[in-house]
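Inspection log for the structure reproduced underneath, given as structure tokens.
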Amino acid sequence: MRTRAAVAVEAGKPLEVMEINLEGPKSGEVMVEIKATGICHTDEFTLSGADPEGLFPSILGHEGAGVVVEVGPGVTTVKPGDHVIPLYTPECRQCASCLSGKTNLCTAIRATQGQGLMPDGTTRFSFLDGRPIYHYMGCSTFSNYTVLPEIALAKVREDAPFDKICYIGCGVTTGIGAVINTAKVEIGAKAVVFGLGGIGLNVLQGLRLAGADMIIGVDLNDGRKEMAERFGMTHFINPTKVDNVVQEIVNLTKTPFDQIGGADYSFDCTGNVKVMRDALECTHRGWGQSIIIGVAPAGAEISTRPFQLVTGRVWKGTAFGGARGRTDVPKIVDWYMDGKIEIDPMITHLLTLDEINKGFDLMHAGESIRSVVLY
Ligand code: NAD
Ligand code: AHE
Ligand code: ZN
């Protein structure tokens, strides 16, 4: 069949909206009509050419929601008409990683996913002249219709609005999950969030949900302050307006009983390796944990004095907030529908597929939190 899609033809170039070919689902695969997709900073990162796994031409997008239209042979867990959220971190429930109970990083199809291919090593997308187009993160939600492995779909309730729950496909789950699954923040904690964009705001609401007492937000953009306060931030620091952001955080967290100071938890949501160092070093001697969420460009490396770790600080990372997609995503949709978490104010712009490049422009200008494309 034919479908409309925004194709990443070349690194650093705007997406091109066009009609392309899409082959039907093969064994264990499912065709989904995408109804809405968010634009995450990771899409921008790959389009810019900074992703070591970036492939062109490809169809980006990994934060979608839609409806199953067709299933391939052997598919048993979803059927046409089901509402689903694509998962860039699938959940096969059979591989060593899934069975370990220690990680959400299912390895069943990771190798082909990273090569922009379906598990059988081929692509379902092609230009009208027959040239192949790669998949992206196993999702490719910048196409109106896409094909995914069955294990990469979370079935969700049918009364949840696509234009909001698409964000659970990455940003919401990543931010809240980093707090709950990865850091396991406790009531009364002091935490710092570096980068108050589409991910950082969800870390804030995760911290509020977990009952953190002091929630410090750090961002270069003063315009983020108002929205961040709405999501639970108690103190704001613009690092360009203080001498030393680490010292500032240490001072803020000191008490008469604890003159050492430092955050119990910090989260990097910028992808900047210098910020990652500050995020580690502002945590408390003896027990501070710093969680890396941001994705850094090819070749970038983190560094700190080993003494920071010798003295008890812990550096961790998280992908998709440590969430097991098929199990956890339907629950997060329930949290949204039950009013336990907020999504609506973070979706600042609604776009058509033809306007998708405007979503990247708004992100670059720091004007949007999430732009969502409606098909
Ligand atoms: P975003 O563009 O919406 O937000 C980034 C924010 O960081 C902006 O508010 C920006 O002003 C701020 N910022 C940039 N540089 C800064 C600095 N030096 N100091 C302080 N603030 C700074 O991006 P997003 O969608 O929130 O994504 C954030 C990061 O998380 C990206 O690197 C993205 O690739 C990554 N990400 C990771 C996962 C994961 O599973 N690990 C999931 C989604 C996104
Ligand atoms: N391909 C990049 C890394 C990109 C990356 O870290 N992706 C995150 C999700 S970001 C979502 O917005 C992730 O899930 N990583 C785990 C995985 O298996 O990809 C690179 O550096 O090669
Ligand atoms: Zn993302």
Check whether at least one residue in the stretch 131-143 is more than 12 Å from ligand 2 (Cβ to nearest atom), aliphatic (A, V, I, L, M) and within 20 Å of PRO330 (Cα to Cα), and report yes or no. no
Here the residues within the stretch 27-72 that are out of contact with any Leu (no Cβ under 8 Å at 6 or more places or on another chain), closer than 13 Å to LEU148 by Cα and more than 16 Å from ligand 2 (Cβ to nearest atom) are SER27, GLY28, GLU33, ILE34, GLY66, VAL67, VAL69, GLU70, VAL71, GLY72
Could you tell me whether any residue of the stretch 86-107 is touching a residue at least 24 places away in the same chain (Cβ under 8 Å), of a type in the set (A, V, I, L, M), within 14 Å of ligand 1 (Cβ to nearest atom) and within 22 Å of THR327 (Cα to Cα)? yes
What is the number of the single condition among (1) more than 30 Å from THR76 (Cβ to Cβ); (2) surrounded by fewer than 18 Cβ atoms within 10 Å (Cβ to Cβ) that LYS331 does not meet? (1)
One residue is enough: does the stretch 206-227 have a residue meeting the conditions within 24 Å of the chain's Cα centre (by Cα), near ligand 1 (Cβ under 9 Å from one of its atoms), surrounded by fewer than 23 Cβ atoms within 10 Å (Cβ to Cβ) and closer than 25 Å to GLY61 by Cα? yes
For the stretch 279-298, which positions are modelled with pLDDT of 95 or more and exposed (fewer than 15 other Cβ atoms within 10 Å of the Cβ)? ARG285, GLY286, TRP287
Take the residues in the stretch 149-199 that are basic (Lys, Arg) and at negative phi, then tell me which one is nearest to ligand 2 (Cβ to nearest atom). LYS164
Look at TRP335 and say whether it is at pLDDT 95 or above, away from ligand 3 (no atom under 16 Å from the Cβ), outside the structural domain of THR253 (by TED's automatic domain parsing) and of a type in the set (Phe, Trp, Tyr). yes
Under 7 Å by Cβ, and 6 or more places apart or on different chains, what pairs join a residue from the stretch 245-269 that is assigned by TED's automatic domain parsing to the domain that holds VAL314 and more than 25 Å from ILE180 (Cα to Cα) with one that is at pLDDT 95 or above and part of a loop (DSSP other than H, G, I, E, B)? GLU248/VAL242; ASN251/GLY261; ILE260/HIS284; ILE260/ARG285
Would you say PHE127 is more than 14 Å from ligand 1 (Cβ to nearest atom) and touching a Phe, Trp or Tyr at 6+ places or on another chain (Cβ under 8 Å)? no
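Where in the stretch 82-188 are there helices (runs of 4 or more DSSP H), lying wholly inside it, with at least 1 residues that are crowded, with 24+ Cβ neighbours inside 10 Å and among the hydrophobic types (A, V, I, L, M, F, W, C)? Show your work before the answer.
Details: elements: 96-100, 110-114, 162-165, 171-177.
Of the helices (runs of 4 or more DSSP H) lying wholly inside the stretch 82-188, those with at least 1 residues that are crowded, with 24+ Cβ neighbours inside 10 Å and among the hydrophobic types (A, V, I, L, M, F, W, C) span 162-165, 171-177.
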Could you please find all residues in the stretch 20-50 being crowded, with 18+ Cβ neighbours inside 10 Å, outside any helix (DSSP H, G or I) and within 16 Å of ligand 1 (Cβ to nearest atom)? THR37, GLY38, ILE39, CYS40, ALA50
Which members of the stretch 138-164 meet the condition of being within 16 Å of ligand 1 (Cβ to nearest atom) and among the aliphatic types (A, V, I, L, M)? ALA152, ALA154
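The values are calculated or read from the model by the stated rules, or taken from the named source; none is laboratory data. Keep in mind that this is a model prediction, so the values were computed, not measured. When we count neighbours, we look across all protein chains shown, and the Cβ atoms used for this are built from the backbone with ideal geometry, even at glycine.
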